[in-house]
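Below: one structure, written as structure tokens.
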Amino acid sequence: MKKKLVVLTGAGISAESGLKTFRDSNGLWEGHDVMEVASPEGWQKNPELVLEFYNQRRRQLKEVKPNIGHKELAQLQIHFDVHIITQNVDDLHERAGSKKVLHLHGELLKVRSTKNPKYVLEWEGDLNLGDVDTFKHQLRPHIVWFGESVPLFDEALNITETADYFAVIGTSLQVYPAAGLLAFVPPATPVFYIDPNPISIPDLRNPLETFPMLASEGVPLLKNQLLAQFQ
């Protein structure tokens with residue numbers, strides 16, 4: 001039986017591939033207030049703006065590639081049962097070869113019905129007003145917006161509770177409920193934290209090792225450290 005490595009990834013790992021992080025220090029995302037383009041209220045106010053915003057993100061995604069961080073995590077599948085829980089909506093983990101990827105906040109390359117959340121379609125091109133489901137309801141990005149529930153959180157919780165190793169990569173641990181997963185890592189499970197600006201984690205009951213660096217630098221080090229047990 002392979003040991004189970006659970007990895008929580010955030011915007012930092014995708015930023016190294018050239019994707020903008022969700023929120024810059026000025027609170028804007030690609031020049032927009034995030035609430036204008038990533039909330040139900042923003043959608044109700046100006047759906048055309050929201051659709052064009054995600055169309056641009058989808059186009060941008062086609063221009064970037066997985067980086068060393070993504071690829072090294074995929075390589076770890078040879079020795080470990082790797083489960084990636086990502087806050088990112090891109091497909092860079094999958095393109096790098098990772099097989100078990102849970103997207104907490106949705107997926108950029110999928111859309112869903114505004115009336116039936118279970119009506120989900122693969123979608124690589126632009127999404128426009130007038131693109132509808134079989135019952136003529138408008139389609140929307142398959143993204144968890146601010147103020148919406150995170151339907152896959154319980155699944156992420158179940159995965160976390162059975163981890164033999166837990167890694168946090170490229171996230172400031174400020175976004176909940178994702179950051180709350182750390183509270184459910186089994187007490188004896190080692191936690192590894194890779195981020196250029198790691199924060200202190202209060203009340204963590206696990207052994208913690210921090211790599212204050214980019215994912216492309218830290219993941220290879222983590223990989224070597226984990227693989228050393230096989231030597």
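The values are calculated or read from the model by the stated rules, or taken from the named source; none is laboratory data. As the structure is a prediction and not an experimental result, all values here were calculated from the model. Here the Cβ positions follow ideal geometry from the backbone for every residue, glycine too, while neighbour counts run over all protein chains shown. Side chains are part of the model used for accessible areas, which takes the heavy atoms of the whole protein and leaves out ligands, DNA and RNA. Shrake-Rupley method; radii C 1.70, N 1.55, O 1.52, S 1.80 Å.
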_Just the residues that are among the basic types (K, R) and over 15 Å from the mean Cα position of the chain (by Cα), please, taken from the range 58-101._
R58, R59, K62, K65, K71
*Could you tell me whether any residue of the range 153-168 is under 15 Å from the mean Cα position of the chain (by Cα), closer than 30 Å to T114 by Cα and at pLDDT below 95?*
no
*Please find, within the range 195-231, the residue that is farthest from H79 (Cα to Cα) out of those that are touching a Gly at 6+ places or on another chain (Cβ under 9 Å) and touching a residue at least 40 places away in the same chain (Cβ under 8 Å).*
P196
*Hey, among A179, A183, A167, A228, which residue is closer than 30 Å to E52 by Cα, small (G, A, S) and not in a loop (DSSP other than H, G, I, E, B)?*
A179
*Of L49, L121, L109, which residue is in contact with a strand residue (DSSP E or B) (Cβ under 6 Å, 6 or more places away or on another chain) and open to solvent by 20 Å² or more (accessible area, probe 1.4 Å)?*
L121
*Number of the condition not met by K136 [criteria: (1) more than 19 Å from G10 (Cα to Cα); (2) open to solvent by less than 70 Å² (accessible area, probe 1.4 Å); (3) modelled with pLDDT of 95 or more]*: (2)
*Being in a helix (DSSP H, G or I), closer than 24 Å to G130 by Cα and open to solvent by 40 Å² or more (accessible area, probe 1.4 Å), is that true of even one residue in the range 62-75?*
no
_Looking for something farther than 29 Å from K20 by Cα and either at pLDDT 95 or above or not small (G, A, S) (or both) - is there at least one such residue anywhere in the range 211-224?_
no
